[in-house]
Amino acid sequence: MTQQAVAEQTMEEAQEQALLARIHAGELIEDMDELTPRYRAILERTLEIAAQSEVTVLTWAYTAFRVAPDIGAKVAICGTIQDEVGHAHQQGMLFERFGFDMQKVAFEADPRKYWSLPIMEFPVRNYAEFVVSQAFLDRAGRFTTWDIELNCSFAPYRRTLKKVNFEEAYHFRHGAMWTEFYFNQNDETKKLVEDAVRWIFPWGYHWYGRPDDLKGYPDQLNYKVRAWTNDTMRRKWLRSATDFADRVGLKVPAEKDKETGEYRITDMPYPMTFDAANHDWEWEETSWDRAIGNFKSGGPMRPSCYERLQREEWGDQLW
């Protein structure tokens, strides 16, 4: 390495340390010109995943139209799709400030490598499953975005997520209301809700990925792009989801310890992975390497749902 290169590297590291000192002192970074290379890369990666994953809700929620029981349910599904595309647009606009083209990220990305959780690649089987997903998974998603709104050191990202989080809270409350309604309506709808909870609840617990001791991307926390670790968000979700289930009377594989007040899973292997062919979980513990590998392979609608998205082809099932 040349003397000039060493000097440049030393200066860059000094700039990183100076920015870190400001962040750890509680200062919010406002100006794009103040972003150092490492800080910028962390924000770019976070925004790319967030904006692209919001788009995938469209391809999943679309499948609920064919099982919607009435026009009101279809309007609710349409409202969810509109909101989630708006979330992608909000974060996509911020992502474009970093010099990226959101059109390419959404419509020209390799559909086999689209960033999504595999649950978004399983078709919705009935409307009870849709509202149960809202009740548990929109609840999970909001903890990830709420962390950024409350704690992110990059001020524009905080502001971007205010509207997103307001709407996510509406989604999981809408789902909670209708989950309780169908659970108490009759024996048939109660069974649909119970089956949906068995399928959906493990997705919420696995939503946050690897536990902290296996977590990558430590710079997200170091630069305070996030403040909550994977395990912190998982604990927050488990408390909220279990309290909701207990209030309604839903059976979930989790409970509150009466002595410690802590929440823990019961009768559910962790980690485990899904069986795409049978639209179910394997219900036995597996390795994290295998679980993550299967998650990356995706569900049965990958890549066809993203290919259809990129062709802007929806057919006649919307109404």
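Computed from the coordinates by the stated procedures, all read-outs in this text should not be read as laboratory data. Only a predicted model underlies this, so the values are computations on that prediction, with no experimental measurement involved. Here the Cβ is made from the backbone with ideal geometry for all residues, glycine too, and neighbour counts use every protein chain on show.
Below, the figures for the structure above:
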quantity: Sequence ranges 138-146, 165-173, ranked by mean other-Cβ count within 10 angstrom, highest first; calculated: 138-146, 165-173
quantity: Projected area, mean over directions - the chain, Cα convex hull, nm²; calculated: 18.7 nm²
quantity: Whole-Hz ³J(HN,Hα) from phi, Karplus 6.51 cos²θ - 1.76 cosθ + 1.60, for region 30-47, glycine and proline x; calculated: 10, 8, 4, 5, 8, 6, 7, x, 6, 4, 4, 4, 5, 5, 4, 5, 5, 5
quantity: HN-Hα J in Hz across region 101-113 - Karplus 6.51, -1.76, 1.60, θ = phi - 60°, x for Gly and Pro; calculated: 9, 5, 4, 5, 4, 8, 10, 10, 5, 4, x, 7, 10
quantity: Loop sites in region 62-123: GluC sites (Glu not before Pro), DSSP, at most 10 other Cβ within 10 Å; calculated: Glu108
quantity: Using alpha-carbon coordinates, inclination of helix 187-206 to the longest axis of the chain, degrees; calculated: 20 degrees
quantity: Order by protection proxy (mean Cβ within 10 Å, highest first), peptides 53-65, 186-198; calculated: 53-65, 186-198
quantity: Helix 3-24 vs. the chain, principal-axis angle (Cα, 0 to 90°, nearest 10); calculated: 50 degrees
quantity: Phi to ³J(HN,Hα) by Karplus 6.51 cos²θ - 1.76 cosθ + 1.60 over region 285-299, Hz, x for Gly, Pro; calculated: 5, 9, 7, 5, 4, 5, 4, 5, x, 5, 4, 5, 5, x, x
quantity: When each of Lys162/Lys236; Lys163/Lys191; Lys104/Lys215; Lys74/Lys191; Lys191/Lys215 is checked by Cα-Cα distance, pairs over 26 Å; calculated: Lys163/Lys191; Lys104/Lys215; Lys191/Lys215
quantity: Cα-centred dipole magnitude for the chain, charges only on beta-carbon of K, R (+1) and D, E (-1), debye, nearest 20; calculated: 420 debye
quantity: Relative contact order computed over region 107-244 (Cα-Cα under 8 Å; 6+ residues apart), in percent; calculated: 32 percent
quantity: Signed unit charges on C-beta, dipole axis of the chain, positive-most listed residue Gln9, Gln103, Pro269; calculated: Pro269
quantity: Order of Ile81, Ile200 - criterion: other Cβ atoms within 10 Å of each residue's Cβ, fewest first; calculated: Ile81, Ile200
quantity: Spatial separation of Cα centroids for region 68-128 and region 221-263, in angstrom; calculated: 26 Å
quantity: Neighbour-limited loop hits for trypsin sites (Lys or Arg not before Pro), region 213-319 (at most 15 other Cβ within 10 Å; DSSP other than H, G, I, E, B); calculated: Lys215, Lys251, Lys258
quantity: Estimated 222 nm signal from helices in the chain, with DSSP H stretches of n ≥ 4 weighted -39500 (n - 2.57), rounded to 500; calculated: -20000 deg cm²/dmol
